């Protein structure tokens, strides 16, 4: 018998979840279903895709606004409508909430001077300004307009860009466009490594 | 993938190599298991380790890592020798009958065209004999036909030879060869599923080609349940390859121009495939210029005119390979000033992490954009490095996650699926594309104020977004799709692109994903209503998301039907010719939609190649027109086929070529073969920041075969030191029967397994050993893919 996640949940909701009889001797499916229902009741459901491997499992993300106006992520689960995953997830996808909401995030731009032994917390404006100046200086210093054979080549040899296999496609496209606009030839992502 | 995840359920035989889908792509693996359960499919897993994939498979073959060319070669030879290939398919859909130009040779491990000084081949010598009409001569009975050269080339891959190279016992190999050979019948189909276990070798490209050759011979390419299916390892590695975050291409797999290509016509002439058969449509080659001009118009707008070759000279022309290894090689040579890493670490991902750390230390500046600290942002205080001595200026910019932004991910099966923004950016975090857009605008302002070297492309690149510093991904999606500049309307297909500067498209293979009707990657007609949403019953679900190109679900699907247009297997039709309607029906055809197969002038089935067919012989690769087995650069044996040319003569050996001296070990010092891999609970390195996953797999370890452990007195859980010529790990040993000894060229060889996930950053930051400290800094001749999956180590009990 093939039971999809959708049917499984329906079985549970109808209270006929023979599959849910646990070693404890009672049916846990209705209880699980009720708990989940309470947890996500009134929540907004959004569609996203798992950030890990490239199976492309569709996810449902449930959020609620807190009284303070913050968006709280309540739950991430597999989307039962997807022809790719039909609601199923692996341990990584099933714990995606812990990647999404983490106390371990980098909180602000950080800068390390040459030879420094610690980071310095800096403003976005400081970091972006300095980075832009570095890019211009490196580009001007390492740009080759014509090679030794007299060919027009217009390339920047001294800057590399690498990333990001978890970019949205549109971000990746923009990265390619901006880097090629600067004349960057060293351009790479995880495809080779 | 030529096919897609759900399609694997149509296979009769599933050949899995260099992959462990049960653990690395568990949810995709369901389609393989469903093929077993629903249609009695057989699953064969050839892998150095017995994994959970092997446990579900019908047969596990313990293979020596890096020998898949020999394994596939043995299967190809078995199929050819026993006439098990799909003759009608091969004659219809491959270049078997093409005659190769005189001079082709393969002797003692070398093809013709080898330059021993430069250690490169000249692939141009591997060409066809051309007739008076300029097309390739066709004669399948010629001694120089592709089929006859193929038979001769592979005749050396006997079961004895395959066993001697791979370690697979002959009886097991022959049992599998019999199953594989049976899929040469029209009503049988085999899929090949693989991952980086096949690509991460100095013969990586030829390993993949070997699989493709086998699939062409058996008539399995283009068919539902068939194809060559790469399981990609990161959420959007496919989409970002399509959009060309890769040194050698522009979006849509257009080649990056090369020095000496003075004009656009020159570029097209040297980049696009030539028509080699009178009935070849050569769609890509014929339309190459349209796709390139539309891209240049997208990027440079009004500054791209007919008079200036549409700003062709604004596009950089690399001097030589500029891929991953080349970046760090250039840094080691003092030629690289700055690196931007966006959602990607350099240190952990390697290879040869210790050398990568040195390379990062030689930069003027490094900018890391990520949500979490990485081993690259923290490289300057890695264990063993004195921070005071590192003169690199480092930026750590907090970036948003996938869930804090919208945009699409393209999965392994080429399905582009839109995701919504679920959460606002955390704290001060900014989107990667906003950081890049903002930095670009600031660089542009510096050029406006100060001038500088060749500022034109920086000043003229089109960034006409509502806010050029904060472009919406929806705006960019529309730009990628492209439009007609005369009507201003977005285009429905790349068939409408022109080379006169009146159309745009940022990536021609995505043209049509966002027509006037809206963004098709948002479509959600899935399995909630199969009768309505899957009209063919083949699992194409054409209104779930969108797949490139033109929402086609199986590439090369013209080859799923016979020359008359009838599916090889009517129960598993890809497309078929509907004579009443005078059109192809089923999947979106990979063929002109109304080309009548009864018309002798109709195109050959593979419309993207110059031949019009699949290629059993090709000069599109740098290391030979046919695949050949070469030993990994670090190997315990000499190549049994040709000991004097044991490893590939054209692998790119960076250290030697840059005068640093090779960092390769010998079997005398490092007697054991090692391979590296992922675990289910981790994804590279980012999951070291996820508590549940760190609890599930908390600690670095290596897997050691039980027999070897006994020889070395190592017990399960002991601390061991694993070392290569380049570095070491000091971690716990997991002693297991999942690995075991092989007999290679008469010699007993052990393989050791090394999970890749740990480093000096993360929740368990005491676990500072980097698996890639062990791996060699050497690349495949064509793709420069490092040899992460086969190298030599020693192991000692601590």
- Task: Report those helices (runs of 4 or more DSSP H) wholly inside the stretch B:261-336 carrying at least 2 residues which are away from chain A (no Cβ under 12 Å).
- Result: B:264-271, B:283-300
- Query: Is it true that some residue in the stretch B:640-648 is in contact with a helix residue (DSSP H, G or I) (Cβ under 9 Å, 6 or more places away or on another chain) and under 30 Å from residue B:237 (Cα atoms)?
  - Reply: yes
- Unique match (being crowded, with 24+ Cβ neighbours inside 10 Å, outside any strand (DSSP E or B), at the interface with another protein chain (Cβ under 7 Å from one of its Cβ atoms) and touching a strand residue (DSSP E or B) at 6+ places or on another chain (Cβ under 7 Å)) among B:412, B:408: B:412
- Taking interchain pairs and intrachain pairs at least six residues apart, which have beta carbon atoms under 6 angstrom, with the first residue in the stretch B:445-457 and more than 9 Å from chain A (Cβ to nearest Cβ) and the second surrounded by 12 or more Cβ atoms within 10 Å (Cβ to Cβ) and in a helix (DSSP H, G or I)? B:455/B:447
- Take the stretch B:679-704 and flag every residue that is in contact with a strand residue (DSSP E or B) (Cβ under 7 Å, 6 or more places away or on another chain) and either within 14 Å of chain A (Cβ to nearest Cβ) or free of Cβ contacts under 8 Å to residues at least 60 places away in the same chain (or both). B:679, B:701
- Message: Quick check on residue B:374: is it touching a strand residue (DSSP E or B) at 6+ places or on another chain (Cβ under 8 Å), more than 9 Å from chain A (Cβ to nearest Cβ), crowded, with 24+ Cβ neighbours inside 10 Å and assigned to a loop (DSSP other than H, G, I, E, B)?
- Response: yes
- Task: Answer yes if at least one residue in the stretch A:66-86 is in contact with a strand residue (DSSP E or B) (Cβ under 8 Å, 6 or more places away or on another chain) and part of a helix (DSSP H, G or I), and no otherwise.
- Result: no
- So which residues in the stretch B:772-794 are part of a strand (DSSP E or B) and closer than 23 Å to residue B:121 by Cα? B:778, B:779, B:786
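Residues are listed down the side, and each one gets a yes or a no for (1) over 30 Å from residue B:1 (Cβ atoms); (2) in the same structural domain as residue A:181 (by TED's automatic domain parsing); (3) buried (at least 20 other Cβ atoms within 10 Å of the Cβ):
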| residue | (1), (2), (3) |
| --- | --- |
| A:64 | yes, no, no |
| A:79 | no, no, yes |
| A:99 | no, no, yes |
| A:122 | yes, yes, no |
| A:132 | yes, yes, no |
| A:142 | yes, yes, no |
- Item | Number of positions in the stretch B:305-338 that are over 29 Å from the mean Cα position of the chain (by Cα) and farther than 21 Å from residue B:259 by Cβ | 4
- Task: State all residues of the stretch B:722-732 that are buried (at least 16 other Cβ atoms within 10 Å of the Cβ), touching a residue at least 60 places away in the same chain (Cβ under 8 Å) and touching a strand residue (DSSP E or B) at 6+ places or on another chain (Cβ under 7 Å); if no residue qualifies, say none.
- Result: B:722, B:723, B:724
- Task: State whether the residues of the stretch B:55-63 include one that is within 14 Å of chain A (Cβ to nearest Cβ) and over 19 Å from residue A:85 (Cα atoms).
- Result: no
- Query: With the stretch B:127-236 as the region, which helices (runs of 4 or more DSSP H) entirely inside it contain at least 1 residues that are within 22 Å of the chain's Cα centre (by Cα), within 14 Å of chain A (Cβ to nearest Cβ) and surrounded by 17 or more Cβ atoms within 10 Å (Cβ to Cβ)?
  - Reply: B:196-199, B:204-217
- Message: Can you go through B:471, B:515, B:424 and tell me which one is away from chain A (no Cβ under 11 Å), touching a residue at least 12 places away in the same chain (Cβ under 8 Å) and assigned to a loop (DSSP other than H, G, I, E, B)?
- Response: B:515
- Regarding residue A:56, is this residue facing chain B (nearest Cβ under 7 Å) and buried (at least 21 other Cβ atoms within 10 Å of the Cβ)? yes
- the stretch B:522-558: number of residues that are more than 23 Å from the chain's Cα centre (by Cα), more than 24 Å from residue B:595 (Cα to Cα) and in contact (Cβ under 8 Å) with a residue 12 or more places away in the chain: 10
- Within the stretch B:391-405, work out how many residues are in contact with a strand residue (DSSP E or B) (Cβ under 9 Å, 6 or more places away or on another chain) and facing another protein chain (nearest Cβ under 7 Å). 10
- From B:37, B:16, which residue is under 30 Å from residue B:551 (Cβ atoms) and without any contact (Cβ under 8 Å) to a residue 24 or more places away in the chain? B:37
- Can you pull out the residues in the stretch B:756-766 that are under 14 Å from residue B:701 (Cα atoms) and buried (at least 19 other Cβ atoms within 10 Å of the Cβ)? B:756, B:757, B:758, B:759
- Item | Residue that is farthest from residue A:87 (Cα to Cα), among those in the stretch A:29-51 that are modelled with pLDDT under 95, touching a helix residue (DSSP H, G or I) at 6+ places or on another chain (Cβ under 8 Å) and crowded, with 16+ Cβ neighbours inside 10 Å | A:30
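Every residue, every condition in (1) surrounded by fewer than 22 Cβ atoms within 10 Å (Cβ to Cβ); (2) more than 30 Å from residue B:152 (Cβ to Cβ), yes or no:
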position	(1), (2)
B:25	no, yes
B:33	yes, yes
B:39	yes, yes
B:60	yes, yes
B:63	no, no
- Task: Name every residue in the stretch B:117-126 that is within 19 Å of residue B:270 (Cβ to Cβ) and either without any contact (Cβ under 8 Å) to a residue 12 or more places away in the chain or outside any loop (DSSP other than H, G, I, E, B) (or both), in order of residue number.
- Result: B:120, B:121, B:122, B:123, B:124, B:125
- Task: Return only the number of the condition from (1) away from chain A (no Cβ under 11 Å); (2) touching a strand residue (DSSP E or B) at 6+ places or on another chain (Cβ under 7 Å) that residue B:525 does not satisfy.
- Result: (1)
- Query: Looking at the stretch B:666-678, is at least one residue touching a residue at least 12 places away in the same chain (Cβ under 8 Å) and in contact with a helix residue (DSSP H, G or I) (Cβ under 7 Å, 6 or more places away or on another chain)?
  - Reply: yes
- Query: Taking residue B:155, is it within 30 Å of residue B:178 (Cβ to Cβ) and in the same structural domain as residue B:209 (by TED's automatic domain parsing)?
  - Reply: yes
- Message: Scan the stretch B:528-543 and tell me whether some residue there is closer than 23 Å to residue B:280 by Cα, outside any loop (DSSP other than H, G, I, E, B) and out of contact with any strand residue (DSSP E or B) (no Cβ under 9 Å at 6 or more places or on another chain).
- Response: no
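The values are calculated or read from the model by the stated rules, or taken from the named source; none is laboratory data. Keep in mind that what you see is a predicted model, and the values were worked out from it rather than measured. Glycine gets a Cβ as well: all are built from the backbone with ideal geometry, and neighbour counts include every protein chain shown.
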